[in-house]
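The structure under discussion appears below in the form of structure tokens.
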């Protein structure tokens with residue numbers, strides 16, 4: 001790998017890169033499919049994840065239809081779906097459980113993580129630290145090419161007789177291991193995507209530590225790079241634990257171990273006979289399966305292992321977004337980022353605390369309530385660095401000169417929704433309050449405010465911001481704003497009322513809420529939410545249309561369309577393999593906007609200081625070079 | 001397909017706190033007021049931060065020829081907005097702890113007036129209940145005697161187990177129905193024989209996962225007679241939504257009458273009063289955790 005990097009330096013580092021075709025005869029497959037160019041890999045992550053975004057969104061709308069109009073045929077597609085999924089055109093209880101499981105899994109593991117980490121990690125890191133490519137380009141390629149097979153393996157579950165995984169995105173045992181082949185595909189799929197994450201993350205760390213441009217110190221890197229760096233550390237520490245837990249659940253399913261399975265379980269007859277134990281007749285027809293072997297396992301162990309990864313995973317999903325938003329806000333407010341170092345330390349604090357708060361998912365799980373007190377306090381502490389970030393973003397736009405581009409609107413929406421998502425988190429952080437709202441729609445509202453309102457708006461912001469550098473074309477701003485307004489309004493109309501359903505006691509993951517008398521009054525609200533969700537879902541086609549339209553008819557992007565400071569804007573408008581056509585040298589931090597001594601309101605990191613040396617030294621984070 | 005517009009818009013004109021179902025347990029009020037406290041603090045923070053955000057967006061919108069303020073931040077401000085939320089949030093945490101220990105810590109579970117066993121089950125989806133019977137003593141539970149005919153694994157050799165009253169779902173769409181007395185400390189020993197369930201009594205603000213292999217104590221004290229719903233809050237399979245049960249809170253007198261009637265229905269052969277085992281009733285506790 002070392003020699004490959006050296007080779008890349010040799011061929012790309014020094015000469016001009018206006019035209020690459022003449023000295024690169026790379027086959028189509030090597031250039032667009034199995035490419036080692038970080039930018040191509042980033043685009044691949046983007047396309048794959050946007051595909052999965054629509055898959056996961058479709059699942060969500062099917063779930064919403066059932067909650068609003070239980071038992072009524074799904075419009076348009078209800079009657080063409082197979083009988084294993086629907087009866088009389090309406091989703092069956094079994095299919096509903098599969099849908100909610102895969103909606104969560106797809107959105108988290110195949111949309112948010114690959115977009116936030118896979119796409120922006122790959123695209124931004126080498127460009128923003130001024131280098132030609134990742135430290136380990138081939139590993140980078142492998143990390144993408146695990147994603148499509150992993151995703152397809154999971155979706156194949158829908159075509160099994162027993163259906164796809166149906167134990168929730170958390171896959172809690174004993175339900176998980178005692179269900180069928182769908183769960184197996186779910187486990188294998190997560191195992192593979194975990195590998196992909198780890199490969200990407202080690203690569204990000206190696207790249208950031210070793211390949212920064214001349215003069216670029218760690219504390220001169222843009223927040224996006226910092227956030228991705230810390231995210232990479234979270235991934236390398238957390239994901240192996242998930243891999244271990246997955247292996248244990250697979251072993252419980254197939255190797256007759258019982259990490260998570262107590263003895264003498266009476267579980268429903270599974271469709272695969274590999275499970276141990278005896279089948280006993282029950283009633284007239286129902287087969288029952290009594291697990292006789294093994295025993296002594298503890299179901300709660302899985303929850304500890306799963307959340308030890310999956311709580312940091314929440315930060316894996318949100319931290320890159322926080323980095324992106326910081327950069328976008330500073331650029332469009334034309335102001336230095338408020339409290340640059342405080343922002344970095346807040347990210348570090350969130351990452352560290354993120355590893356000691358997992359138990360707040362388990363307040364009602366049956367673990368020792370003493371741990372409830374411990375995790376309640378650590379969870380409440382993690383609200384502090386989140387609050388610090390909010391205040392610093394507000395400080396950033398204070399006395400700025402804010403341009404309302406589509407990218408910046410999405411970044412501002414991130415702040416707006418993250419305030420609500422953060423505040424609703426305080427409710428469930430309090431263990432006694434969580435008793436009542438745990439596993440209700442209050443939790444669903446919270447996670448969507450953080451992951452859709454937070455992570456996804458930040459991702460949209462990043463797409464609008466870096467698209468010109470990705471494809472050399474500007475996205476259409478007017479379509480971008482339309483996409484933003486529709487998304488933002490209908491996002492809030494969809495998810496805000498869910499808080500109230502939760503306070504009303506509406507449980508999550510229930511196929512038909514209206515068998516409960518106390519929930520019957522909420523059907524009209526559920527219908528409202530469903531209508532809003534459908535509009536929200538269809539609004540996303542504006543983004544897809546915008547991308548396709550702009551690729552063909554979009555304005556040609558200049559090198560630095562936003563007059564930004566960070567290094568990616570030093571690269572050609574549509575950089576080829578190798579990225580930069582000039583020798584990059586860094587003289588200052590990335591947020592030197594509206595410097596009083598300059599005529600323009602930006603001062604790029606790579607621009608050589610002019611005039612007397614004094615000007616340079618007045619800037620807060622000046623270069624160490626001479 | 002009907003659509004009631006004013007009900008659909010409830011979220012827009014009703015205060016969040018009005019959505020709570022009626023509270024009928026002794027500690028429920030405390031949990032609700034904790035929620036309310038966090039809610040009022042959140043609403044205040046929400047309006048302050050949104051006012052700032054919107055004001056800045058309007059005041060500092062792009063204007064030709066104006067230059068933004070070149071300013072990197074201020075450590076005093078950073079300290080301020082680190083410490084203020086720390087005190088606020090730590091206060092919420094410490095304030096919460098008493099309610100938490102009261103509802104969950106073993107040493108704060110009051111002496112029970114009534115003890116029952118509850119199992120969630122997956123084959124058919126519902127709840128099974130066990131009352132100790134006239135002798136007031138539960139039969140010992142033995143894990144290897146668990147079967148669908150004997151879900152609690154009552155030891156066939158234990159004389160106290162012979163009169164235990166087990167109430168199961170009546171079948172069909174009818175939910176299982178159990179009675180408990182008001183103004184009494186009720187202790188529920190909760191478990192499952194298959195997958196995780198979560199015993200949720202919305203009106204009592206009670207929620208606790210049922211974990212196979214483990215008996216977990218849940219307690220509450222109901223304050224108002226009436227008919228309340230039991231729900232499952234942990235995904236347990238495709239029939240998860242269908243685990244509805246009914247809990248009827250009675251006066252002691254009505255409760256005794258109901259128990260008597262159930263006993264005659266379920267165990268007619270034993271319904272003659274058990275002679276001297278009533279004396280043992282005072283010691284009504286069994287070893288709740290058997291294995292694991």
Gyration tensor (Cα) of chain B, equivalent ellipsoid semi-axes in angstrom: 51, 22, 19
Gain upon complete extension [residue B:64, residue B:95; 0.36 nm per residue less C-alpha separation]: 6.1 nm
Chain B: most fluctuating residue of B:105, B:69, B:40 per GNM, C-alpha cutoff 10 Å: B:69
Proxy reagent accessibility, fewest Cβ within 10 Å first, across A:103, A:499: A:103, A:499
Least to most buried among B:206, B:142, A:33, A:433 (fewest other Cβ within 10 Å first): A:33, B:142, B:206, A:433
Partner chain coverage, peptide B:104-110 - average Cβ within 10 angstrom: 3
Helical mean residue ellipticity (222 nm; -39500 (n - 2.57) per DSSP H run of 4+; nearest 500) of chain B: -10000 deg cm²/dmol
Cα-derived Rg to Rh of segment A:46-153, Kirkwood definition: 1.16
DSSP-defined beta bridges in the protein assembly as shown - what % are antiparallel, rounded to 5: 75 percent
For chain B, built as a Gaussian network whose Cα springs stay under 10 Å, the top-fluctuating residue of B:207, B:264, B:224: B:264
Fraction of antiparallel bridges per DSSP, segment B:111-283 only, in percent to nearest 5: 70 percent
Label-point separation, residue A:352 to residue B:48 (7 Å along Cα→Cβ), nm: 2.6 nm
For segment A:135-201, fraction of C-alpha pairs farther apart than 19 Å, in %: 37 percent
Residue B:37 versus residue A:145: modelled label distance in nm, points set 7 Å from Cα along the beta carbon direction: 5.8 nm
Kirkwood hydrodynamic radius (C-alpha pairs) into Stokes-Einstein, segment B:111-283, 37 °C and 0.692 mPa s, D in µm²/s: 200 µm²/s
Per-residue average of Cβ from other chains inside 10 Å of A:506-515: 5
Shielding of A:524-537 by partner chains, average beta-carbon count, 10 Å: 3
Length-normalised contact order for chain B - Cα pairs under 8 Å, 6+ apart - percent: 20 percent
Gained length - residue B:22 relative to residue B:264, 0.36 nm times residue gap less alpha-carbon distance: 83.7 nm
Computed E for residue A:155/residue B:109 - FRET, C-beta separation, R0 30 angstrom, nearest 0.05: 0.05
Protection proxy ranking, peptides B:91-99, A:553-561, A:318-326, average beta carbon neighbours within 10 Å, highest first: A:318-326, B:91-99, A:553-561
Förster-model FRET efficiency, 35 Å R0, residue A:26 and residue A:549, C-beta, rounded to 0.05: 0.80
Neighbour-count order for A:452, A:332, fewest beta carbons within 10 angstrom listed first: A:452, A:332
Largest-first principal axis extents, alpha carbons of the protein assembly as shown, Å: 106, 54, 50
Residue-averaged 222 nm ellipticity for chain A, from DSSP H runs of 4+ at -39500 (n - 2.57), nearest 500: -19000 deg cm²/dmol
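Only the coordinates and a few stated rules stand behind these numbers; no lab work does. Note that this is a predicted model, so its numbers are computed, not measured. Neighbour counts are summed over all protein chains in view; Cβ atoms, including those assigned to glycine, are modelled from backbone coordinates with ideal geometry.
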